[in-house]
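The values are calculated or read from the model by the stated rules, or taken from the named source; none is laboratory data. Computed from a predicted structure; not experimentally measured. Here the Cβ positions follow ideal geometry from the backbone for every residue, glycine too, while neighbour counts run over all protein chains shown. Each accessible area value is taken on the protein alone, full model and side chains, heavy atoms only, with ligands, DNA and RNA left out. Shrake-Rupley method; radii C 1.70, N 1.55, O 1.52, S 1.80 Å.
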Amino acid sequence: MANVSERDSLAERLEGLAPAIEEIRNISGTAGVSIGVLHQQEVVTTAGFGYRDIQAREEPNEDTLYYIAALTQSITASGIALLVEDGKLHWDSAISNLVPNFQHQSPLIHHNTTIGDILSHRTGLERKVSLWMGEHSLPQVTRNKFTKTAAYLEPVHQLGSEFLENNWTYGLTAQIIKQQSGQDFSEFVEQNIFKPLNMERTGLAGSRPFPLDVDNFAEAYMCNGDTPYRLHKPPVETSPEHEATVGIKSSVNDLIKYYIALLNAAKEEVSSSGRHEQSSPLKQARELFRPHTPMERLLPSFGKTEYTLGWAQVILPSALGALSGNAELVAKMPRIGEGLTNAPLVLYQSGSLGGYQSSAILIPDTSSAIVVLSNTLANQHAADWIAQAVLEALLDVPHPTNFVALAREAAAENAMLFSYMRQVMVAERVFGTTCRSLDTYVGIYDNAVKTFRLEVSSGEAGLRISFNSSRDWYKLKHYHYDTFSFEMNYLDFLKKEMRPVTYWRYFLLEFREGIEGADGTIGIIVWRPDRMVEKGEAFVKRTAAEGVVEASRAVS
């Protein structure tokens with residue numbers, strides 16, 4: 001810190017944010033929040049708000065454990081960077097040479113997708129969020145089918161052209177690290193990052209499997225009016241690919257340790273004449289911070305935002321929060337840094353997982369970091385608003401943003417999303433049409449690579465559907481022609497511990513005649529859960545023989 005006066009002034013500004021943070025927490029339906037601020041290599045403040053466990057009335061602090069969601073990805077990229085530094089990998093190494101089972105149908109994608117592409121989310125492949133996690137935040141695809149699923153994703157942008165977050169391809173990093181290091185992903189990052197940085201409150205299932213009832217672990221919640229609804233902690237530990245993407249558990253204090261090391265590594269690489277003079281256990285930090293992917297489809301207020309290897313990067317003044325989803329809930333995102341004479345370059349990341357949200361902001365020039373962790377899937381990304389508010393206090397902007405007003409606006413918009421969706425479904429429906437005999441639609445329908453299935457059955461109540469062998473069934477209602485709908489409101493998502501979906505096509509299943517089937521025979525379901533893939537995905541009905549084989553496998 002430059003001097004005591006500056007430190008005291010900053011501490012006073014941050015302390016003055018407490019009432020606004022508490023209001024944002026309440027408006028968003030967030031149970032608890034932990035915050036930490038680093039400036040010029042010093043921890044300026046840490047604070048906790050609300051409850052890490054509502055029932056027990058236990059408050060969070062800087063050592064409280066949270067799932068950090070997408071903040072995981074910077075750490076994963078740092079793990080890959082260590083292998084690049086050791087000469088075991090190159091940033092432009094082709095994925096198909098490292099993960100032989102990644103056999104994409106497009107020769108261009110198969111041969112040319114690199115490590116740099118997946119780390120910077122520029123593969124251009126569809127996201128398939130509906131297959132990533134389902135009811136109770138369970139991974140929808142088993143480990144042995146993960147690569148096969150990643151390899152069948154269809155391109156929606158040209159490879160390397162622009163940012164499109166894709167957890168499926170990112171998860172392949174876990175396999176790459178194991179192949180090149182001989183260690184499981186969790187063991188590798190434990191030995192090479194967590195231990196050297198003394199991150200005692202950070203872990204993964206394989207290396208440091210904190211029990212679910214470990215001391216000071218924030219419980220998971222979902223916004224439910226005035227009282228957040230308690231969830232089970234997300235079982236991401238079932239898959240190293242999921243862990244490498246969103247599954248690290250950590251605390252504010254430990255993340256500050258990591259960000260100090262990352263910022264120092266970048267500075268050392270600038271000043272060092274050779275890599276052997278660098279003292280930081282982290283390597284290739286300048287490459288991690290270098291912009292790789294344009295984020296062109298953002299609002300104009302986001303300025304020239306680009307994606308590095310784990311961070312969005314922009315020079316202020318600019319809107320932030322491009323990775324949080326808050327921009328979809330307010331009319332206008334605030335431009336941070338207006339009126340500053342020397343507005344800095346910042347890097348930021350936000351993430352969310354069943355029951356948790358996280359945000360972090362780095363300012364390399366001043367060795368500053370802001371960490372906000374929360375334990376609620378809220379009605380907006382509260383951690384993002386809070387991180388931006390802290391950033392304005394850190395920078396001492398002349399005209400601070402009213403983030404409480406933005407939180408109110410976002411909450412009101414979020415409350416209307418299901419109503420908007422129902423209005424669209426009514427407007428798009430063709431009334432007065434009829435369907436075929438219900439038995440015509442019954443069957444099991446598989447995606448192209450047989451890693452996800454839809455099962456349709458009939459009974460006294462009519463048709464129903466289950467997704468990927470789930471025990472939960474959803475009633476199907478005739479929508480029009482051969483299209484049926486299933487209904488879910490916010491309370492349904494809450495009870496199933498799922499991230500709410502308000503895209504209207506997600507709830508429609510269009511049955512079509514099979515290509516090779518007899519005339520009039522239903523053989524395909526077209527489902528459109530991804531709004532970026534207008535044509536949807538075709539699920540093909542199993543033949544009677546395939547059904548018998550599947551049944552025999554289940555018995556054996």
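Some notes on this structure:
- Filter pass, Gln380 being crowded, with 24+ Cβ neighbours inside 10 Å, at pLDDT 95 or above, more than 22 Å from Tyr307 (Cα to Cα) and not aliphatic (A, V, I, L, M): yes
- Residue within the stretch 411-419 that is surrounded by fewer than 17 Cβ atoms within 10 Å (Cβ to Cβ), free of Cβ contacts under 8 Å to residues at least 24 places away in the same chain, in contact with a Leu (Cβ under 7 Å, 6 or more places away or on another chain) and at negative phi present: no
For (1) open to solvent by 30 Å² or more (accessible area, probe 1.4 Å); (2) within 19 Å of the chain's Cα centre (by Cα), each residue gets a yes or a no:
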position: Lys267; (1), (2): yes, no
position: Pro281; (1), (2): yes, no
position: Arg290; (1), (2): yes, no
position: Thr293; (1), (2): no, yes
position: Glu306; (1), (2): yes, yes
position: Ile336; (1), (2): no, no
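- Tally of residues being in a helix (DSSP H, G or I), within 21 Å of Lys496 (Cα to Cα) and in contact (Cβ under 8 Å) with a residue 40 or more places away in the chain across the stretch 232-255: 4
- Among (1) assigned to a loop (DSSP other than H, G, I, E, B); (2) surrounded by 18 or more Cβ atoms within 10 Å (Cβ to Cβ), the one test that Ile118 misses: (1)
- Subset of the stretch 420-432 that is outside any loop (DSSP other than H, G, I, E, B) and over 26 Å from Ser470 (Cα atoms) - its residue that is most open to solvent (accessible area, probe 1.4 Å): Gln423
- Among the residues making up the stretch 515-534, those that are over 19 Å from Met133 (Cα atoms) and either open to solvent by less than 20 Å² (accessible area, probe 1.4 Å) or modelled with pLDDT of 95 or more (or both) are Ile522, Gly523, Ile524, Ile525, Val526.
- Which listed residue, of Leu14, Leu10, is surrounded by 13 or more Cβ atoms within 10 Å (Cβ to Cβ), within 24 Å of His399 (Cα to Cα), more than 29 Å from the chain's Cα centre (by Cα) and at pLDDT below 95: Leu10
- Glu85 vs. criteria at pLDDT 95 or above and open to solvent by 60 Å² or more (accessible area, probe 1.4 Å): no
- The listed residue being in a helix (DSSP H, G or I) and over 22 Å from Val449 (Cα atoms), out of Phe146, Phe163, Phe188: Phe188
- Enumeration of residues in the stretch 433-458 that are among the hydrophobic types (A, V, I, L, M, F, W, C), surrounded by 18 or more Cβ atoms within 10 Å (Cβ to Cβ) and assigned to a loop (DSSP other than H, G, I, E, B): Phe452
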